[in-house]
Amino acid sequence: MLSRAKVLTAAALSVAASPDGGAPPRPPLVDRSEIQKDLPDYPRRGPVLPVGDNFQASGALGAMVFFDTPDAPEEVLHFYWKAFTDAGLFVTGAEKLKAVAPFPGVTAVAPGTSLQRTVMVVPRDSGSTVFLSVMDMNGAAALATAERFGGLPAYPGAQPLSVRNVDREQVSTTVSFRTEDPAAKVIAFYESAMSSQGWRRDDRASRPLAGGAILAFRGQGGSWDLTVTPAKPSGTTLVATHREGRAEP
């Protein structure tokens, strides 16, 4: 099964970076019970498990659960398309969702509300893994653009993906992008930019990789771990994870 982090990252929209190193505030949690409100249970499924308490993508806060089923993605999508329609929701097709996620899915909004419900189906060798989510789209407008990247300096010309996971004990933000610039240029940029924001490089956790590097930074805003690797056929990929809270010295 595809990892939760990869699915969430694939589903996230591009958003702009934060100009400072402070950690974004914790917004109120979205009630997970809204995910399947007025919807029938899927008939052939395993246990329904949560993905953290809440997550944040493209500035909108949401809750997510998942389950496995032996059914094919087409069967799952047909079931939820009918369920959304029967519940009186406004349904959008899979084509719109393909613009932000490489998996089959369907999205629906209840008229007069800001809650958007999405079903995303990840094919498996014998069935599907189904992710159900509800997002408060008012959160996208309410959150400042700077908060959506957890404080990571914006790399010039990059179009990143950002996902924020909100659990009761910790908030983490994962940012990723690809650039045609060489890895050495990306590394130099972040060594300078993170230092100028007051982040201290952790030389014990930082180390070179083949053609790239792992850069670890610590501060009172928590920690950043940046992995810079060469991309194929050219360019560089960066994946950065910010964990809020006081980092250890």
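Quick note: the coordinates plus some simple rules give every number you see, no bench work behind them. Predicted, not measured: the structure shown is a model, and the values here were computed from it. Heads up, the Cβs are rebuilt from the backbone with ideal geometry, glycines too, and the neighbour counts pull from every protein chain shown.
Quick notes on this structure:
- Ascending count of other beta-carbon atoms within 10 Å, so fewest first, for 185, 232: 232, 185
- Taking 187, 35 and counting other C-beta atoms within 10 Å, the order from fewest to most: 187, 35
- Phi-based couplings in Hz for the range 76-91 (Karplus 6.51, -1.76, 1.60; Gly and Pro marked x): 5, 5, 4, 4, 6, 4, 5, 5, 4, 4, 4, 7, x, 8, 7, 9
- Net charge of neighbours whose Cβ lies under 10 Å from the Cβ of residue 40, counting Lys and Arg as +1 and Asp and Glu as -1: -2
- Taking other Cβ atoms within 10 Å as a rough exposure proxy, 81, 224 sort from fewest to most as 81, 224.
- Using the Cβ of residue 87 as centre and a radius below 13 Å, the other residues enclosed give a net charge of 0, where K and R count +1 and D and E count -1.
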